[in-house]
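**Q** For reference, the structure I am asking about is given below.
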Amino acid sequence: MHASIILLLPFFSALVILLGHRQLKGASVLISVGSSVISFIACVALLAVADDKENTKLLLPFLDVGQFHANIDVLIDKQSRGMMFIVSFIGMLVHIFSLGYMKDDDARPRFFGSLSLFMFSMTGIVLAGNLIMMFIFWELVGLSSYLLIGHWYQKASAAEACKKAFLTNRIGDFGFMIGILLLFGLNHGDVSLESLRDAFVQGGPLFDTHTTHPGLITAAALCIFMGAVGKSAQFPLHVWLPDAMEGPTPVSALIHAATMVAAGVYMLVRVSFLIEASPLAAEIIAGIGCFTALMAALMATQQNDIKRVLAYSTLSQLGYMVMAVGAVAMAAQHGHAAHGPNPGHPAMFHLYTHAFFKAMLFLGSGAVIYACHHEQDVWKMGGLRKHMPVTFWTFLIGTLALMGLPYITSGFYSKEAILGAAYDSGCSILFHSAALTALLTSFYMMRLVIIAFFGKPRTESAHHATEVPVIMLLPLVILAVFSILSAWDGFATPLQALKPAHEPPHATVLFASIAAFLIGTFGAIYLYRGKDKDPISIKLFANKFYFDEMYAVIVRVFQDRLAWIVTALERVLVDGLVARLPTAIVARLGAATRMLQGGHLQGYTFLLGGGVIGVIYLVVFVLPRLGH
Amino acid sequence: MSVLELIIALPLLAALAVWLGAPARAASLGATFINLALVLYMAVQYWGKTGLAFTYSRPILENPSLSFAVGADGISIILALLTALVMLAAIWQIEDRPPIFYVSSLLIGGGAMGAFLTTDVFFIYAFHELALIPTFLMIALHGRAEPAQRKAVAWKATIYLGAGSLVLLAGLVWLVLEFSGGSKLTFDLEALRSQARLTPLPDAKQAQIFFVLLLGFGSLVSLFPFHSWAAPAYATAPTPVAMLHSGVLKKFGLYGLIRIALPLLPHGAHVEWVQNALLVMLLGNILVMGLVTIHASRLDDTLANSSVMHMGYIFLGIAAGTDIALKGAVILMFAHGISIALLFGLCGRMRNQLGTLEYNKLGGLANHAPSFTVLFAFGAFASIGLPGLTNFAGEVMIFLGNFTEFKAGVLTNLQWTVILALWGVVMSAVYMLRAYRSIFHGTPATGLFMIDPAFSQRLPFILLAATLLVTGCCPWLLLNLMKSAL
């Protein structure tokens, strides 16, 4: 009951807005916001009535062929309930914030309609009880992301960005689908999460395959992972996320920071039994996550657009979570953790804390951009601390949480859990890069705060900035509270956030975590205090390691050039061999065919008709006699 | 008399009436509306049932036994529904055109109905030919190009489809003769089916006949490399003809393979050399034509080539031959028909209003024509295979249907083909989103102006888009018509 409300309400909201936005006008905004509020209440109710028995319930039929079913059925367990709370809570706050942020936008109904579509699709991913349903909604969040990034489609940059996001995700989904097909084949046509997990844990058919064909399990795991690489913007498919900042800022907060991009991590945790079954897959996943985290952190240190800094930070933190998925699986393979689905997964816990403070930071940057009349360059801001005190304080809290201010903020606990997982994985490169990433995170975030909020206003727009309206401040304050408190047991337990099993942390981990925080913070203060332009300039980082340029070349050569060649060959060879050559031969055969070439189509059509009748005559009246 | 005879006769009689001078639009629309209602009635009657229904037979000849026999099962009903919907939309969207547009649309639609709803091989074939002739004539007489060029295009299509039809005829005759074995000759599909069950042909012979039928039916469906008629024909054809041929009539070849070739030659498609040949050809459709479509620089070119490309997926379902894959193929036939008709219809409107379909001359149409943009998006995202629109359901069933028989450690040729074909899904997104971006996004190009058509003019397209959404969210609606295993 709750699940169907949570899933279908935003769908109908989107549908009503699509069909009736001209008649509804302002009401469409209320429908969308209202549905998000009701969804949130239903999600809280879902937390309250929760029992601990995990089971899959059929919600709606979809495909049903003989033995095979792929339906819309929901798996409600601790993971999905906790994730649903994050999605609906931040979703609701972003809806409310958007009431202020999008006040002057003429296309508000379209914006809120797409937002409802997003809530629907994201809910589907979270509740999905089988991989096909997950894939369905996986693609649909891609659509809503496309629509929202392209909200200001008149701008060429936004139009290109939404296309890029969709296509990059499609490449990931290509792998995801292959992975689903492999599992579908291996598990005899059943891709429900429960059955797959049972098949692994209790020694079903998949378990046999696991021992006889480990390569196939690794292939399936890596193909499924490819879906997460696209959606969670991991290297090498990370390029779409920074460009996605072309969308309105509330969208960046909800979709491209807190929820949708984290769906990849959520999905990986959902199928963690699969990753644990394959040592190679676990190592690759940890490696890709670790590389993404470090690479994006380096890029973030040299960005000047406030949203881009946050975007690279999101990339980096997603890399962190993905690394944790791999590291936990590696640790499990070494016997460091219980086999099977670990309820307190560090990746999920970081996803949970990160969702609040990163959404907060994005909404805070939205408030700054709004106040500075759509100025996004941090070097054109400055001194905002005095003009926008509430925004400043909330932004600072979010920043400290992201940096992991020891013992106070939620980010400290979740980051420490991930560092611990990296430590337990037994791979020292993982641990060291993770610690270095944490240091860089403190550095670039402190840099951002100093440049934008401290010092003197560097431009007129920064000088005249004033605090944003209450409707926008309210979500900031709420999220700031969560940024600090969400890791506390009093919050985390009822929200079913599933803290990783509490062990006394290794001294090394604790030391690394605190040292990274301190070095990064004071390094940034030392370098950037009172500066009006960047004292360091590293082109490689500022230009994002030239990935966009490289990919542009790849697309040009391997797609456009290839398409050109294939088209030319197709014209010459296929048309030449299949059409021209026989025609030429026929044309030489005699005068009768010359009539055909004369271009009297009606004549030919009659000829064709006549021929058909002749053949039919032959078949009907002549052939039977031959038979006797 | 069966309701099916009425459904077949109605468009043909309406065509005759219009030709004799009845008010063209009123008569055509009236007939197609009633036709859609009848088909829906038939679908509701058949709901959840299995086997052949609404059968009725009028004997014509004793020996060879030939009769005008009608009958419908789930596949026929789904394709009849497709025909009725596309015919209605295609005729509805005609504006200010001479009566021949209505006559030819009715003839193509009626011919397709006849091909899908008769159960005698002779009439299945004859009705298809009946529908082809107005297609050629309309391209030659009213095509969107200089007279010389449009005649050349019509020629090419005529030669290809004519040759394909002859090969097909030869294959069908061969098939019928093999089964008759010197005794009584019959064209009745049910009789042939029961004969195929009792005394199946040897596998080698099945393979040979199947291959001939594949070439014949295949050229009608633009199977690679017999496809090069399709793109210029669709780009040149008048809008209703492009909608009806690409949406409905082209499905005839696939219908024939599923309805005639597979049941009568159940092993033919799985003999190794036939299967490998089919897989190579369908990969040609998907990968080669995918790249060709990416290269296209005009909307009509993109749509025409994409329509060739997507046939590859349906052939993939036929190649797999499993119950899930074949049902997926039928759903994809329906889905592709609706979505490509929608896109060609909108494309025709754009050409009328803007005078150009070149991507580098277009841009920003979403600013002034939002509803038109949304309708186009339905078609574009459907053909990309977005879940929630019908094409996805068909595609995913075809993919899954290839993986039902899975031996761990060994991927079959079919399964490798699926993996390669999946890359085509990425390519579809590339060309469709490029098209969408250059037509609708950005700022309006100078000198180009287009506003939303009036609501009444949008209705035929809304009908198609709504069909995609409803059957896309609830593909079981279609599956419930196909309860019997294929």
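The values are calculated or read from the model by the stated rules, or taken from the named source; none is laboratory data. As the structure is a prediction and not an experimental result, all values here were calculated from the model. No Cβ is skipped: glycine too gets one built from the backbone with ideal geometry, and neighbour counts run over all protein chains shown.
**Q** Looking at this structure, is B:Met42 more than 27 Å from B:Leu332 (Cα to Cα) and more than 14 Å from every other protein chain (Cβ to nearest Cβ)?
**A** no
**Q** So which residues in region B:80-96 are more than 16 Å from the chain's Cα centre (by Cα) and in contact (Cβ under 8 Å) with a residue 40 or more places away in the chain, if there are any at all?
**A** First pass over region B:80-96, keeping only residues more than 16 Å from the chain's Cα centre (by Cα): B:91-96.
Correct list: B:Ile91, B:Trp92, B:Gln93, B:Ile94, B:Glu95.
**Q** Okay, next question. Scan (1) touching a helix residue (DSSP H, G or I) at 6+ places or on another chain (Cβ under 7 Å); (2) touching a residue at least 60 places away in the same chain (Cβ under 8 Å) for the single condition A:Trp393 breaks and write down its number.
**A** Single failed check for A:Trp393: (1).
**Q** Here's a follow-up. List the helices (runs of 4 or more DSSP H) that sit entirely inside region B:375-473 and contain at least 3 residues that are touching a Pro at 6+ places or on another chain (Cβ under 9 Å) and within 30 Å of B:Val271 (Cβ to Cβ). Steps first, answer last, please.
**A** Numbers: elements: B:390-401, B:413-440, B:455-473.
Qualifying helices (runs of 4 or more DSSP H): B:390-401.
**Q** If you don't mind, there's one more thing I want to ask. How do the pairs read when you match residues in region B:121-141 that are within 21 Å of B:Ser65 (Cα to Cα) and more than 9 Å from chain A (Cβ to nearest Cβ) with residues anywhere that are in a helix (DSSP H, G or I) and aromatic (Phe, Trp, Tyr), using Cβ under 9 Å and keeping only pairs 6 or more apart or on different chains?
**A** B:Ile124/B:Phe116; B:Ile124/B:Phe252; B:Ile124/B:Tyr255; B:Phe127/B:Phe116; B:Phe127/B:Phe252; B:His128/B:Phe252
Yes/no per residue for (1) of a type in the set (A, V, I, L, M); (2) closer than 26 Å to A:Phe395 by Cα; (3) surrounded by 24 or more Cβ atoms within 10 Å (Cβ to Cβ):
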{"site": "A:Ile255", "(1), (2), (3)": "yes, yes, yes"}
{"site": "A:Val265", "(1), (2), (3)": "yes, yes, yes"}
{"site": "A:Ala282", "(1), (2), (3)": "yes, no, yes"}
{"site": "A:Ala311", "(1), (2), (3)": "yes, yes, yes"}
{"site": "A:Gln317", "(1), (2), (3)": "no, yes, yes"}
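**Q** Return the residues of region B:43-74 that are crowded, with 23+ Cβ neighbours inside 10 Å and under 22 Å from the mean Cα position of the chain (by Cα); say none if nothing qualifies.
**A** We begin by selecting, within region B:43-74, every residue crowded, with 23+ Cβ neighbours inside 10 Å; these are B:69-70, B:72, B:74.
Once the filter is applied, which keeps residues that are crowded, with 23+ Cβ neighbours inside 10 Å and under 22 Å from the mean Cα position of the chain (by Cα), region B:43-74 yields B:Val70, B:Ala72, B:Gly74.
**Q** Could you name every one of the helices (runs of 4 or more DSSP H) located completely within region B:243-314 that has at least 2 residues being away from chain A (no Cβ under 14 Å)?
**A** Details: elements: B:251-256, B:272-283, B:289-295.
So the answer is B:251-256, B:272-283.
**Q** OK, next. Taking B:Phe455 as meeting all but one of (1) surrounded by fewer than 23 Cβ atoms within 10 Å (Cβ to Cβ); (2) within 10 Å of chain A (Cβ to nearest Cβ), write down the number of the exception.
**A** (2)
**Q** Hey, among A:Ile149, A:Ile125, A:Ile86, A:Ile96, which residue is surrounded by fewer than 24 Cβ atoms within 10 Å (Cβ to Cβ), in a helix (DSSP H, G or I) and at pLDDT 90 or above?
**A** Details: A:Ile149 fails: surrounded by fewer than 24 Cβ atoms within 10 Å (Cβ to Cβ); A:Ile125 fails: surrounded by fewer than 24 Cβ atoms within 10 Å (Cβ to Cβ); A:Ile86 fails: surrounded by fewer than 24 Cβ atoms within 10 Å (Cβ to Cβ).
So the residue among A:Ile149, A:Ile125, A:Ile86, A:Ile96 that is surrounded by fewer than 24 Cβ atoms within 10 Å (Cβ to Cβ), in a helix (DSSP H, G or I) and at pLDDT 90 or above is A:Ile96.
**Q** When you scan region A:153-164, how many residues do you find that are within 10 Å of chain B (Cβ to nearest Cβ) and part of a helix (DSSP H, G or I)? Reasoning before the result, please.
**A** Pass one, region A:153-164, residues within 10 Å of chain B (Cβ to nearest Cβ): A:153-156, A:158-160, A:162-164.
Right, trim to part of a helix (DSSP H, G or I) and you get A:156, A:158-160, A:162-164.
So the answer is 7.
**Q** Mind listing just one residue for me: the one in region A:518-554 that is of a type in the set (Phe, Trp, Tyr) and under 29 Å from A:Trp240 (Cα atoms) and, of those, surrounded by the fewest Cβ atoms within 10 Å (Cβ to Cβ)? Can you show your working first?
**A** Here is the first cut: in region A:518-554, the ones of a type in the set (Phe, Trp, Tyr) are A:522, A:526, A:528, A:541, A:545-547, A:551.
The next check asks that each one be under 29 Å from A:Trp240 (Cα atoms); those that pass are A:541, A:545-547, A:551.
On the way: A:Phe541: 18, A:Phe545: 15, A:Tyr546: 12, A:Phe547: 16, A:Tyr551: 15.
Applying the filter and picking the extreme gives A:Tyr546.
**Q** Please determine whether any residue of region A:41-52 is more than 30 Å from B:Phe399 (Cα to Cα), surrounded by 15 or more Cβ atoms within 10 Å (Cβ to Cβ), among the charged types (D, E, K, R) and modelled with pLDDT under 90.
**A** no
**Q** Another question, if that's okay. Given the residues A:Ala552, A:Ala487, A:Ala497, A:Ala515, which is the only one that is out of contact with any Asp or Glu (no Cβ under 9 Å at 6 or more places or on another chain) and modelled with pLDDT under 80?
**A** Working: A:Ala552 fails: modelled with pLDDT under 80; A:Ala487 fails: modelled with pLDDT under 80; A:Ala515 fails: modelled with pLDDT under 80.
When all the criteria are applied, what remains is A:Ala497.
**Q** Which of the residues spanning region A:9-27 are in a helix (DSSP H, G or I) and either basic (Lys, Arg) or surrounded by 18 or more Cβ atoms within 10 Å (Cβ to Cβ) (or both)? Walk me through it before giving the result.
**A** Of all residues in region A:9-27, those in a helix (DSSP H, G or I) come to A:9-24, A:27.
Correct list: A:Leu9, A:Pro10, A:Phe11, A:Ser13, A:Ala14, A:Val16, A:Ile17, A:His21, A:Arg22.
**Q** Answer with yes or no whether A:Tyr526 is among the aromatic types (Phe, Trp, Tyr) and touching a residue at least 60 places away in the same chain (Cβ under 8 Å).
**A** Values: among the aromatic types (Phe, Trp, Tyr): yes; touching a residue at least 60 places away in the same chain (Cβ under 8 Å): no.
Here the answer is no, as A:Tyr526 does not meet what is asked.
**Q** Now a separate question. Can you name the residue in region A:105-152 that is more than 9 Å from chain B (Cβ to nearest Cβ), over 16 Å from A:Thr249 (Cα atoms) and β-branched (Val, Ile, Thr) and, of all such residues, is nearest to the chain's Cα centre (by Cα)?
**A** A:Val141
**Q** It is to be established whether one or more residues within region B:330-337 are surrounded by fewer than 21 Cβ atoms within 10 Å (Cβ to Cβ), among the small types (Gly, Ala, Ser), in contact (Cβ under 8 Å) with a residue 60 or more places away in the chain and in a helix (DSSP H, G or I).
**A** Residues of region B:330-337 surrounded by fewer than 21 Cβ atoms within 10 Å (Cβ to Cβ): none.
Within region B:330-337, not a single residue is surrounded by fewer than 21 Cβ atoms within 10 Å (Cβ to Cβ), among the small types (Gly, Ala, Ser), in contact (Cβ under 8 Å) with a residue 60 or more places away in the chain and in a helix (DSSP H, G or I).
**Q** Right, another one. Is it the case that region B:411-419 has a residue that's touching a residue at least 40 places away in the same chain (Cβ under 8 Å), surrounded by 18 or more Cβ atoms within 10 Å (Cβ to Cβ), over 21 Å from A:Gly142 (Cα atoms) and at the interface with chain A (Cβ under 10 Å from one of its Cβ atoms)? Please lay out each step first, then the result.
**A** Our first condition is that a residue be touching a residue at least 40 places away in the same chain (Cβ under 8 Å); within region B:411-419, this holds for B:413-414, B:417-418.
Next, only the ones that are surrounded by 18 or more Cβ atoms within 10 Å (Cβ to Cβ) stay: B:414, B:417-418.
Still in the running and over 21 Å from A:Gly142 (Cα atoms): B:414, B:417-418.
Next cut, at the interface with chain A (Cβ under 10 Å from one of its Cβ atoms) only: B:418.
Yes, because at least one residue in region B:411-419 is touching a residue at least 40 places away in the same chain (Cβ under 8 Å), surrounded by 18 or more Cβ atoms within 10 Å (Cβ to Cβ), over 21 Å from A:Gly142 (Cα atoms) and at the interface with chain A (Cβ under 10 Å from one of its Cβ atoms).
**Q** Can you tell which of B:Ala43, B:Ala24 is at pLDDT 90 or above and in the same structural domain as B:Ala90 (by TED's automatic domain parsing)? Spell out the reasoning first.
**A** On the way: B:Ala24 fails: at pLDDT 90 or above.
Every option except B:Ala43 fails the conditions.
**Q** The conditions are (1) modelled with pLDDT of 90 or more; (2) among the hydroxyl-bearing types (Ser, Thr, Tyr); (3) more than 20 Å from B:Leu175 (Cβ to Cβ), and B:Thr118 fails exactly one of them. Which is it?
**A** Just one mismatch for B:Thr118, condition (3).
**Q** How many of the residues in region A:128-146 are among the polar types (S, T, N, Q) and either under 23 Å from B:Val430 (Cβ atoms) or in a helix (DSSP H, G or I) (or both)? Working first, answer last.
**A** Our first condition is that a residue be among the polar types (S, T, N, Q); within region A:128-146, this holds for A:130, A:144-145.
Next, from what is left, pick out any that are either under 23 Å from B:Val430 (Cβ atoms) or in a helix (DSSP H, G or I) (or both): A:144-145.
Adding up the residues that qualify gives 2.
**Q** Could you count how many residues in region B:53-67 are among the hydrophobic types (A, V, I, L, M, F, W, C) and within 14 Å of chain A (Cβ to nearest Cβ)? Even if it seems obvious, please write down each step before you answer.
**A** Of region B:53-67, the ones among the hydrophobic types (A, V, I, L, M, F, W, C) are B:53-54, B:60-61, B:66.
Remaining after also requiring within 14 Å of chain A (Cβ to nearest Cβ): B:60-61, B:66.
Of the residues in that region, 3 qualify.
Results for (1) closer than 26 Å to B:Gly74 by Cα; (2) within 15 Å of the chain's Cα centre (by Cα); (3) away from every other protein chain (no Cβ under 13 Å), shown as yes or no for each residue.
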| site | (1), (2), (3) |
| --- | --- |
| B:Gly321 | yes, no, yes |
| B:Ile331 | yes, yes, no |
| B:Phe344 | no, yes, yes |
| B:Gln353 | no, no, yes |
